[in-house]
């Protein structure tokens, strides 16, 4: 399967819209990355993708990556140092549980959209939008590497 076809164009648009909506109220940056497979530890792979996408270069270190390896059923949420220093230690696990509930019903776009919304709410609390805020990272879904 071509990974870019995993989600319909409408589902992809829904996820991008969720990112745009979440980022309206925060200086935080949210990305979604999909790959076919992940043959290593999912957190290690997500950390590699995080760096590859330059997510560690945001001014306030408040980027959040939603990583999904479709064929291997591996999923991770990775927050940068700035956000991780402020959220409770179980914060990402809480979001991950809710996202995986959607995934278990084959509702991948709904799961990602809900996770993005939840992450955006917390980012808004700790990193409210500033008048001089710029969108530091693209909102589009990235595929493979």
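The values are calculated or read from the model by the stated rules, or taken from the named source; none is laboratory data. Every value quoted in this text rests on a predicted model; they were computed, and no experiment measured them. Note: ideal-geometry Cβ built from the backbone for every residue, glycine included; neighbour counts use all protein chains shown.
For the stretch 51-87, the candidate set comprises residues that are more than 19 Å from residue 142 (Cβ to Cβ) and touching a residue at least 60 places away in the same chain (Cβ under 8 Å); within that set, the residue that is surrounded by the most Cβ atoms within 10 Å (Cβ to Cβ) is 60.
The residue pairs whose first member lies in the stretch 132-145 and is farther than 21 Å from residue 48 by Cβ, whose second member is assigned to a loop (DSSP other than H, G, I, E, B), and whose beta carbons are closer than 8 Å, counting only pairs six or more residues apart or on different chains, are 133/27.
Evaluated against (1) over 15 Å from the mean Cα position of the chain (by Cα); (2) over 15 Å from residue 7 (Cβ atoms); (3) part of a loop (DSSP other than H, G, I, E, B); (4) free of Cβ contacts under 8 Å to residues at least 60 places away in the same chain, residue 106 falls short on exactly one condition, (2). I'd like the full set of residues that are crowded, with 19+ Cβ neighbours inside 10 Å and out of contact with any helix residue (DSSP H, G or I) (no Cβ under 7 Å at 6 or more places or on another chain), limited to the stretch 109-126. Across the stretch 109-126, there are no qualifying residues.
As for the stretch 88-98, it holds no residue that is closer than 23 Å to residue 4 by Cβ and surrounded by 15 or more Cβ atoms within 10 Å (Cβ to Cβ). The number of residues in the stretch 129-145 that are within 20 Å of residue 45 (Cα to Cα) and either exposed (fewer than 11 other Cβ atoms within 10 Å of the Cβ) or in contact with a strand residue (DSSP E or B) (Cβ under 6 Å, 6 or more places away or on another chain) (or both) comes to 6. In a residue-by-residue description of the stretch 11-30, the property of being within 14 Å of the chain's Cα centre (by Cα), modelled with pLDDT of 95 or more and assigned to a strand (DSSP E or B) applies to at least one position. Mind checking which residues of the stretch 56-86 are part of a helix (DSSP H, G or I) and either closer than 19 Å to residue 20 by Cα or out of contact with any helix residue (DSSP H, G or I) (no Cβ under 7 Å at 6 or more places or on another chain) (or both)? Residues satisfying the conditions are 57, 81, 82, 83, 84.
Within the set 117, 97, the sole residue that is part of a helix (DSSP H, G or I) and free of Cβ contacts under 8 Å to residues at least 60 places away in the same chain turns out to be 97. Within the stretch 46-55, the residues that satisfy the criterion of being in contact with a strand residue (DSSP E or B) (Cβ under 7 Å, 6 or more places away or on another chain) and outside any loop (DSSP other than H, G, I, E, B) are 46, 47, 49, 50, 55.
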